[in-house]
Amino acid sequence: MAEGVEKYWDLRLENCQQALQRNNFEAYVVNSPVEAQIVFFREIYPKISVSSVSWGDSITLRASGILDELQKDPKLEIIKTFEQGVPREELIERRRQALLVDLFFTGTNALTEDGKLVNLDMVGNRVGALTFGPRYVVLLIGRNKLVTDYEAGMHRVKEVAAPQNAILHEGWKTPCRKTSFCHDCSSPDRICNTWTITEKSFPKHRIKIILINEDLGL
C-alpha cells in the first residue's frame, strides 16, 4: 500500500515539475525539507549573484533551515520582516525594502497541475515580490498545495489555507478564527486582500521552485 502511495506522488510531482518547466520556472523535486536545503545550496545558490536576502512568511521555508544557513554569512544583507519586538510600522518599511533584494523566498497557497501559482495575500509584500522586484525568487512547496486548476486553488486558499493562517495569529479578529470557514468578511484584520495568479516566470528562470514530496505548510 505504501509503495502505491509513494508512486502516486512521484508521478504527480514529476508531471507538475515538467509543467512548471514548460512555463519557464526552474523546478526541482525532492523528498524532504532537508533535501530542499541541499538542492538550494548545490544547484541554485552557486549560479546566482546575491548580496541581499529577504522572505515572505513560510512554514515550509523555516522547516528547510535555509534561512539559518544564509544568516551565518556576514557578507549578506538580511532584511528580517518578521522580527519579534519590532514595531509594525518598522516591519512594514522593511517589507517595502525587501521588494528590491537580490533573493526573495516564499511559498505558495496553491499550485495547479499545469504549473501555475495561486496566491492570496493580506499586505501584498509576498505576492508583490513574487511578481516583480527581487532579482530571483525561490519557492518551497509541499505536495499538499497541488490542485487541479485555478478554481480548486482558490477554493483551497479560502477554505483551507486562509482560515488556518488566521487561527495561528491569536491577536487577529476575523470570523474564520471562530468557525474555520471563510465569511468573506470586512474585518480590519482580514487577511484575504490581493489575489495573484502566476502563469509563467518572467524572465525565464527568475522564479525557482523546489517541490517537496511531503505535506508541508498551510
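For region 78-97, a residue qualifies if it is exposed (fewer than 15 other Cβ atoms within 10 Å of the Cβ), without any contact (Cβ under 8 Å) to a residue 12 or more places away in the chain and not polar (S, T, N, Q), and the qualifying residues are 83, 85, 86, 87, 88, 89, 90, 93. Restricting attention to region 97-131, the residues being over 15 Å from the mean Cα position of the chain (by Cα) and assigned to a loop (DSSP other than H, G, I, E, B) number 4.
The residues on offer are 44, 59, and the sole one that is farther than 26 Å from residue 162 by Cα and of a type in the set (Val, Ile, Thr) is 44.
The residues of region 28-54 that are under 18 Å from the mean Cα position of the chain (by Cα), part of a strand (DSSP E or B) and small (Gly, Ala, Ser) amount to a single one, 54.
Which residue is nearest to the chain's Cα centre (by Cα), if the candidates are limited to region 60-75 and must be under 28 Å from residue 168 (Cβ atoms) and in a loop (DSSP other than H, G, I, E, B)? The residue in question is 65. What about residue 67, is it under 20 Å from residue 28 (Cα atoms), touching a Leu at 6+ places or on another chain (Cβ under 9 Å), buried (at least 19 other Cβ atoms within 10 Å of the Cβ) and of a type outside the set (Lys, Arg)? Taking the combined requirement at face value, the residue does not satisfy it.
When residues in region 162-194 are screened for being out of contact with any Lys or Arg (no Cβ under 9 Å at 6 or more places or on another chain), of a type in the set (D, E, K, R) and either surrounded by fewer than 12 Cβ atoms within 10 Å (Cβ to Cβ) or over 18 Å from residue 119 (Cβ atoms) (or both), 3 of them pass. From the list 10, 57, the lone residue that is in contact (Cβ under 8 Å) with a residue 12 or more places away in the chain, outside any helix (DSSP H, G or I), under 27 Å from residue 155 (Cα atoms) and of a type in the set (D, E, K, R) is 57.
Going by the conditions given, is residue 100 in contact with a Gly (Cβ under 7 Å, 6 or more places away or on another chain) and either at negative phi or among the hydrophobic types (A, V, I, L, M, F, W, C) (or both)?
Details: in contact with a Gly (Cβ under 7 Å, 6 or more places away or on another chain): yes; either at negative phi or among the hydrophobic types (A, V, I, L, M, F, W, C) (or both): yes.
Here the answer is yes, as residue 100 does meet what is asked.
Among the candidates 180, 186, the residue that is modelled with pLDDT of 95 or more, touching a helix residue (DSSP H, G or I) at 6+ places or on another chain (Cβ under 6 Å) and small (Gly, Ala, Ser) is uniquely 180. Working only within region 30-43, note down all residues that are out of contact with any helix residue (DSSP H, G or I) (no Cβ under 8 Å at 6 or more places or on another chain) and crowded, with 17+ Cβ neighbours inside 10 Å. Residues satisfying the conditions are 35, 39. Can you name every residue in region 93-126 that is more than 20 Å from residue 190 (Cα to Cα) and of a type in the set (Ser, Thr, Tyr)? Matches in region 93-126: 106, 112.
The values are calculated or read from the model by the stated rules, or taken from the named source; none is laboratory data. This one's a predicted model, so the numbers in the text were calculated from it and none came from an experiment. Methodologically, a virtual Cβ is constructed for each residue, glycine included, from the backbone with ideal geometry; neighbour enumeration extends over all protein chains shown.
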